[in-house]
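Student: Could you have a look at this structure, given as structure tokens, before my questions?
The values are calculated or read from the model by the stated rules, or taken from the named source; none is laboratory data. Just so it is clear, the structure is predicted and the values come from calculations on it, not from any experiment. Note: ideal-geometry Cβ built from the backbone for every residue, glycine included; neighbour counts use all protein chains shown. We work out accessible area using only protein heavy atoms, side chains counted, and drop any ligands, DNA or RNA first. Shrake-Rupley method; radii C 1.70, N 1.55, O 1.52, S 1.80 Å.
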Amino acid sequence: MKVVLLCGGQGMRMREYSESIPKPMVRIGYRPILWHLMKYYAHFGHKDFVLCLGHGGDHIKRYFLEYDETLSNDFKLTDGGRSVQLARTDIDDWAIDFVDTGAQSSVGERLWRIRDRVAADDVFMANYSDGLSDLPLDRYLDFFTKTGKVAAFVSMQPTHSFHVARVDDDGHVAEIAELARSGLWVNGGFFLFRREIFEFMRAGEELVEEPFQRLMAARELVSFRHEGFWSPMDTFKDKQRYDEMYLAGRCPWAVWREDRSCS
């Protein structure tokens, strides 16, 4: 099953990094967050990727063209450095389709522009490229298959420390609660689509606006709730949180490791 990853945004809230590299290339440990996300999908057997490139797409192309497996794998060096024997490999069975979908395109436009790449697939996956989760992908896919619907996304509880306020018409605050404990659920991405999704889309539209409204009107949009780990990398503070987890050796998104360690 193809996995479409939306890699072209400018990441304006991560300007400390995104002025020099695109946000999907911001590193967690030795590897960019995009690699961690692709490794997650590959763990569940989904290794056919379509990368929707835009801002900084050349950095992503160069990273994979110059990919160094020794950074995240044990290896044996012999013949004075001329021979490298890897104990295991990362991406030798991945297929990666690099597609320029425009520097200024919205999520919906990027998806629309790669529709020919997924035309042969009854169902395909799609996702933002700047967040990680320990979502049980097999259970989610089973849920979606049983619904028979056209589209699905994963509902997550927000991790940010903002507060939600309910304010009366006269300006008095009636209720205030931390966003993460407010009972709200947000769109966490990890989309599943049947090929019919493009019948609900028009060129130039943003995915979660007009197309999702049409899907809801037709009762063809469902959501799978996940209460486990999920964290976007929207801000520098999010990047710091990922760094702290990595340095502590706790990487809950690393489902490919039984102990969820970072190495």
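Student: In region 87-133, what count of residues is obtained for those that are in a loop (DSSP other than H, G, I, E, B) and under 22 Å from VAL154 (Cβ atoms)?
Tutor: 6
Student: Now for a separate question. Contact list please: Cβ distance under 9 Å, first residue in region 244-255 and over 16 Å from HIS226 (Cβ atoms), second residue aliphatic (A, V, I, L, M) and open to solvent by less than 50 Å² (accessible area, probe 1.4 Å), pairs at least six apart or on different chains.
Tutor: Hits for this filter: MET245/ILE28; TYR246/ILE28; CYS251/ILE28; CYS251/LEU132; CYS251/MET245; ALA254/LEU132.
Student: Taking only region 1-32 into account, find how many residues are open to solvent by 80 Å² or more (accessible area, probe 1.4 Å) and either at positive phi or modelled with pLDDT under 90 (or both).
Tutor: Result for region 1-32: 6.
Student: Would you kindly identify the strands (runs of 3 or more DSSP E) lying entirely within region 188-263 that contain at least 1 residues that are farther than 25 Å from GLN104 by Cα, touching a helix residue (DSSP H, G or I) at 6+ places or on another chain (Cβ under 6 Å) and open to solvent by less than 60 Å² (accessible area, probe 1.4 Å)?
Tutor: Where strands (runs of 3 or more DSSP E) fall fully within region 188-263 and carry at least 1 residues being farther than 25 Å from GLN104 by Cα, touching a helix residue (DSSP H, G or I) at 6+ places or on another chain (Cβ under 6 Å) and open to solvent by less than 60 Å² (accessible area, probe 1.4 Å), they are 221-225.
Student: Going residue by residue through region 123-133, is there one that turns out to be crowded, with 21+ Cβ neighbours inside 10 Å, more than 24 Å from LYS239 (Cα to Cα) and either modelled with pLDDT of 95 or more or in contact with a Ser or Thr (Cβ under 6 Å, 6 or more places away or on another chain) (or both)?
Tutor: yes
Student: Mind checking which residues of region 63-83 are over 35 Å from the mean Cα position of the chain (by Cα) and basic (Lys, Arg)?
Tutor: ARG82
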